[in-house]
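Down below is the structure, laid out as structure tokens.
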Amino acid sequence: MSFDVTSQPSFLRPAWCEIDLDAIERNVRQLKEIIGPAVKLFVCLKGDALGCGAQQVAQVCEQAGAQGLAFANIDTALACRPYAQNLPMLLYPCCLPQMAGVLEQHRLSATISTLDDVHRWAMHVSSGIDVFLKIDTGGLRAGAFPGEAVDVAKAIVSTGKLRLAGVYGHSLASYHRDESGAGVQPLQQQVDVFLGCVQQMESAGIEVPIRMFASSESVLSCPSADMNAVEPGRLIAGLDFPAADSRLRSWHPALVGLKSRIVMRKALASHLEADAGALFPIRAGMVIGLIPLGWSDGYPRRLPAGATVLVNGQRAPVLGPVHSELLRIDLTDVPDAVVGDEVVLLGSSGGQTITLQELQQQWGMDMSELFLTVGRRLPRVFRRTLTHQGLSRQDRIHQPCIKP
Ligand SMILES: *Cc1c(COP(=O)(O)O)cnc(C)c1O
């Protein structure tokens, strides 16, 4: 099945975000170039692909040459299966062993951390599934402790039903020890612990086809964490991280727009000007507009100081208070603005641009939160222009509401 960018769900409420699927493709291809042909690229699609739309991103990943996908939600994995039919799909611990039949049917791989996991999954599998053994190198989340990993690997192999597809870990690049000594080992030590476990398995005659450790931060900063597969997530959505010199590149953010349209415009009557009890200071000749987007869509409930939007190429201040599904903007200095005009919270209008960095500052969020907040709450409009396998696709941005 192929996701058709032209048949996007229609919606009548003019408030939407824009996702550039070409950016995903460029990021996948660029990373593959960096890691080279001997290292496989699994893309982690947690958080509905960081709000970018897991189904669409899964399809683009397969088209662009990714060799696997990873999920922290079995429902998302199942929804993506029709769009990436040939890719291995790894599930982090996110469902019960009773689901083994579903994993068999849809070719999903389970994560095994303990001997108890081995026992329970083997009990529910009928013919066989691929599994990944996770190794805990300090995150204290899922994974076998290094001292136990080889025993868990032996147990997996001895079931005859659980096929060991590989081992993986989660590198913790950004965590450091504090003064009391709490924290995790430096990245290179985590790598050494992980490789030590793999070596023990191989010495015990256990084949470990995939060895995967690096996520976004470590794949850029620590080339020795590559092993023979990597599994970044946020990097593929276009977030940037500190990089080793050999891996310095620019990445392409997939979230490129957050937009709405004016649904009401009115001039405030002159008798209001001296109203000390008004919600906001009222100026002479003030004109306000409303857009159908508010804090239930992720807009900060406490209005950020200096928050503005773009209307017809001009900055317009946002006026508080922020409502759950409505936002008030000051159109006094945009006299030509009328109902139906586009309002840009992220993206360009005329010669002006609100960048991701500016929006992130306004909203007081880090970039991951911003992507998730915007991408998971608003309808998505997808951009796709690159050509694949002889199929030419037009740039079709769905117009949710035509300007009158
Ligand atoms: C989230 C996650 C990743 C991806 O992390 P990013 O920082 O988004 O690259 C990789 N591996 C595991 C096990 C994860 O939980």
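The values are calculated or read from the model by the stated rules, or taken from the named source; none is laboratory data. Here the structure is a predicted model, which is why all the values come from computation and not from measurement. Cβ: placed from backbone, ideal geometry, glycine included. Neighbour counts: every protein chain shown.
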Among the residues of region 48-90, count how many are within 16 Å of the ligand (Cβ to nearest atom) and in contact with a Ser or Thr (Cβ under 8 Å, 6 or more places away or on another chain).
7
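Results for (1) farther than 22 Å from Ile210 by Cα; (2) in contact with a Phe, Trp or Tyr (Cβ under 7 Å, 6 or more places away or on another chain), shown as yes or no for each residue.
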| site | (1), (2) |
| --- | --- |
| Pro88 | no, no |
| Leu96 | yes, no |
| Ala100 | no, yes |
| Arg107 | no, no |
| Asp117 | no, no |
| Trp121 | no, no |
| Asp136 | no, yes |
| Gly139 | no, no |
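Conditions (1) modelled with pLDDT of 95 or more; (2) of a type outside the set (Ser, Thr, Tyr), marked per residue:
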position	(1), (2)
Tyr299	yes, no
Val322	yes, yes
Ala337	yes, yes
Val343	yes, yes
Gly347	yes, yes
Thr385	no, no
Gln389	no, yes
Test: residue in region 160-168 that is within 14 Å of the ligand (Cβ to nearest atom) and at pLDDT below 95
no
How many of the residues in region 35-47 are more than 13 Å from the ligand (Cβ to nearest atom) and of a type in the set (A, V, I, L, M)?
3
Mind checking which residues of region 358-372 are within 16 Å of the ligand (Cβ to nearest atom) and closer than 16 Å to Cys17 by Cα?
Met367, Ser368, Glu369, Leu370, Phe371, Leu372
Mind listing just one residue for me: the one in region 208-249 that is in contact with a Phe, Trp or Tyr (Cβ under 7 Å, 6 or more places away or on another chain), acidic (Asp, Glu) and part of a loop (DSSP other than H, G, I, E, B) and, of those, farthest from Val157 (Cα to Cα)?
Asp240
Go through region 298-320 residue by residue and tally those that are crowded, with 21+ Cβ neighbours inside 10 Å and at positive phi.
1
Under 30 Å from Pro292 (Cβ atoms), within 14 Å of the ligand (Cβ to nearest atom) and surrounded by 13 or more Cβ atoms within 10 Å (Cβ to Cβ): is that true of Leu239 in this structure?
yes
Any residue at all in region 215-225 that is more than 24 Å from Gly166 (Cβ to Cβ), without any contact (Cβ under 8 Å) to a residue 40 or more places away in the chain and more than 14 Å from the ligand (Cβ to nearest atom)?
no
How many residues of region 5-58 are aromatic (Phe, Trp, Tyr) and either surrounded by 22 or more Cβ atoms within 10 Å (Cβ to Cβ) or at pLDDT 95 or above (or both)? The answer is 2
Output for region 111-135, where each listed residue is crowded, with 20+ Cβ neighbours inside 10 Å and more than 15 Å from Ala100 (Cα to Cα):
Ser113, Leu133, Lys134, Ile135
Check every one of the strands (runs of 3 or more DSSP E) wholly within region 250-311 and list those with 2 or more residues that are within 21 Å of Gln357 (Cβ to Cβ) and touching a Leu at 6+ places or on another chain (Cβ under 9 Å).
255-261, 308-311
Out of region 127-144, which residues are more than 16 Å from the ligand (Cβ to nearest atom) and assigned to a loop (DSSP other than H, G, I, E, B)?
Ser127, Gly128
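For every residue, the table says whether it meets (1) among the acidic types (Asp, Glu); (2) buried (at least 24 other Cβ atoms within 10 Å of the Cβ); (3) near the ligand (Cβ under 8 Å from one of its atoms).
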| position | (1), (2), (3) |
| --- | --- |
| Val230 | no, yes, no |
| Arg234 | no, no, yes |
| Ala244 | no, no, no |
| Arg249 | no, no, no |
